[in-house]
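*Asks:* Here it is, the structure in full.
The values are calculated or read from the model by the stated rules, or taken from the named source; none is laboratory data. The structure displayed is predicted, hence computed values, not measured ones. Cβ sites come from the backbone with ideal geometry, for glycine too, and all protein chains shown count toward neighbours.
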Ligand code: TMP
């Protein structure tokens, strides 16, 4: 098979040219970073789990009418998506205070917010993805007013849906990050949900115990990262009983088999 052309390598994913024009292949790596890549590591099997979890959530969001870039999962680590022009804004949706919000404003982690809070960060690694207001977005033309209206609307719908989805499996959705992209059709474009939704970009706390089931395990050196991601996948019904969940990526699988 002809070697695929790599378009971009990010911190947790690699993008390759897709089989048809206007398509892209997203490859999910095991690499994990935190604090703007100041902390680096690998979580063995994470890419496989995130591919599966993101596929599941994007499929469900598509079914409730949220437009997304997702087309189909291709294999354990790859999915086919529509090519979009990424809007350079990270959209953070918060239901409960945690992380940078708690730190910045001195609000105890775990405090329920009186209403859903949407924050915007300008996507620029060199600047550390700074928090910006809608005024900055309009002033610098990062997105139009119409696009921001659609983005905020979708973010709220996604949050409502995901709060219910996770509550149904005993998980409290604390906060999460979304990215959107422009899908062009001639001179016109519309914004659709892009990137991924996985425990890498969400805070997910077990409702009964408060245990963290997300990338904070890595950020805060809590250990048990892959087990936490597996638990999220298992509760979402993505890990059939009886499957050897320790064997999640092909490389590990091959190495393990050759050792046995
Ligand atoms: P924060 O509390 O560090 O601002 O993070 C809020 C949420 O956004 C949390 O669920 C993690 C997610 N997030 C990302 O996915 N990528 C990022 O670069 C940052 C800063 C946060």
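*Asks:* Yes or no: residue 32 in contact with a helix residue (DSSP H, G or I) (Cβ under 9 Å, 6 or more places away or on another chain), within 16 Å of the ligand (Cβ to nearest atom) and at pLDDT below 95?
*Replies:* Details: in contact with a helix residue (DSSP H, G or I) (Cβ under 9 Å, 6 or more places away or on another chain): yes; within 16 Å of the ligand (Cβ to nearest atom): yes; at pLDDT below 95: no.
For residue 32, the condition - in contact with a helix residue (DSSP H, G or I) (Cβ under 9 Å, 6 or more places away or on another chain), within 16 Å of the ligand (Cβ to nearest atom) and at pLDDT below 95 - is not met.
*Asks:* Here is a further query. Does residue 237 satisfy being under 13 Å from residue 53 (Cα atoms), modelled with pLDDT of 95 or more, surrounded by fewer than 17 Cβ atoms within 10 Å (Cβ to Cβ) and away from the ligand (no atom under 16 Å from the Cβ)? Even if it seems obvious, please write down each step before you answer.
*Replies:* Working: under 13 Å from residue 53 (Cα atoms): yes; modelled with pLDDT of 95 or more: yes; surrounded by fewer than 17 Cβ atoms within 10 Å (Cβ to Cβ): yes; away from the ligand (no atom under 16 Å from the Cβ): yes.
Yes.
*Asks:* Inspect all residues belonging to the stretch 110-122 and state whether any of them is exposed (fewer than 13 other Cβ atoms within 10 Å of the Cβ), under 30 Å from residue 233 (Cα atoms) and more than 16 Å from the ligand (Cβ to nearest atom).
*Replies:* Yes: one or more hits.
*Asks:* In the stretch 1-54, what residues are part of a loop (DSSP other than H, G, I, E, B) and closer than 19 Å to residue 70 by Cα? Before the answer, list the steps.
*Replies:* Going through the stretch 1-54, the residues part of a loop (DSSP other than H, G, I, E, B) turn out to be 1-5, 10-12, 18-22, 29-30, 35-38, 43-45.
Hits for the stretch 1-54 are 10, 12, 18, 19, 20, 21, 22, 29.
*Asks:* Looking only at the stretch 150-157, decide whether some residue is assigned to a helix (DSSP H, G or I) and farther than 22 Å from residue 64 by Cβ. Don't jump to the end; show me each part of the working.
*Replies:* Here is the first cut: in the stretch 150-157, the residues assigned to a helix (DSSP H, G or I) are 150-157.
Those left that are additionally farther than 22 Å from residue 64 by Cβ: none.
Checked against the condition, which is being assigned to a helix (DSSP H, G or I) and farther than 22 Å from residue 64 by Cβ, the stretch 150-157 yields no hits at all.
*Asks:* Looking at 65, 18, which is the one that is surrounded by fewer than 17 Cβ atoms within 10 Å (Cβ to Cβ) and over 22 Å from residue 169 (Cα atoms)? Please lay out each step first, then the result.
*Replies:* Working: 18 fails: surrounded by fewer than 17 Cβ atoms within 10 Å (Cβ to Cβ).
On inspection, the qualifying residue turns out to be 65.
*Asks:* Looking at the stretch 129-141, which of its residues are surrounded by 13 or more Cβ atoms within 10 Å (Cβ to Cβ), over 18 Å from the mean Cα position of the chain (by Cα) and under 21 Å from residue 10 (Cβ atoms)?
*Replies:* Quick first cut of the stretch 129-141, residues surrounded by 13 or more Cβ atoms within 10 Å (Cβ to Cβ) only: 129, 131-132, 134, 136-138.
Now drop any that are not over 18 Å from the mean Cα position of the chain (by Cα), which leaves 131-132, 134, 136-138.
If the condition is that a residue be surrounded by 13 or more Cβ atoms within 10 Å (Cβ to Cβ), over 18 Å from the mean Cα position of the chain (by Cα) and under 21 Å from residue 10 (Cβ atoms), then 131, 132 are the ones that fit.
*Asks:* Still on this structure, I have one more. Among the strands (runs of 3 or more DSSP E) contained in the stretch 160-212, which hold 2 or more residues that are within 17 Å of the chain's Cα centre (by Cα), within 16 Å of the ligand (Cβ to nearest atom) and closer than 19 Å to residue 113 by Cβ? Talk me through it step by step, then tell me what you get.
*Replies:* On the way: elements: 171-185, 188-194, 202-206.
Once the strands (runs of 3 or more DSSP E) in the stretch 160-212 are filtered for at least 2 residues that are within 17 Å of the chain's Cα centre (by Cα), within 16 Å of the ligand (Cβ to nearest atom) and closer than 19 Å to residue 113 by Cβ, what remains is 171-185, 202-206.
*Asks:* Just wondering, is there one or more residues in the stretch 51-74 that are at pLDDT 95 or above, within 16 Å of the ligand (Cβ to nearest atom) and at positive phi?
*Replies:* Scanning the stretch 51-74, I find no residue that is at pLDDT 95 or above, within 16 Å of the ligand (Cβ to nearest atom) and at positive phi, so the answer is no.
*Asks:* Taking the stretch 82-98, which residues are within 14 Å of the ligand (Cβ to nearest atom) and more than 16 Å from the chain's Cα centre (by Cα)?
*Replies:* Selection gives 95, 96, 97, 98.
*Asks:* Within the stretch 181-213, count every residue that is closer than 15 Å to residue 54 by Cβ and in contact with a strand residue (DSSP E or B) (Cβ under 6 Å, 6 or more places away or on another chain). Let's see the steps before the verdict.
*Replies:* Restricting attention to the stretch 181-213, the residues satisfying the condition of being closer than 15 Å to residue 54 by Cβ are 181, 192-202, 204.
Remaining after also requiring in contact with a strand residue (DSSP E or B) (Cβ under 6 Å, 6 or more places away or on another chain): 181, 192-195, 201-202, 204.
Summing the residues that are closer than 15 Å to residue 54 by Cβ and in contact with a strand residue (DSSP E or B) (Cβ under 6 Å, 6 or more places away or on another chain) in the stretch 181-213 gives 8.
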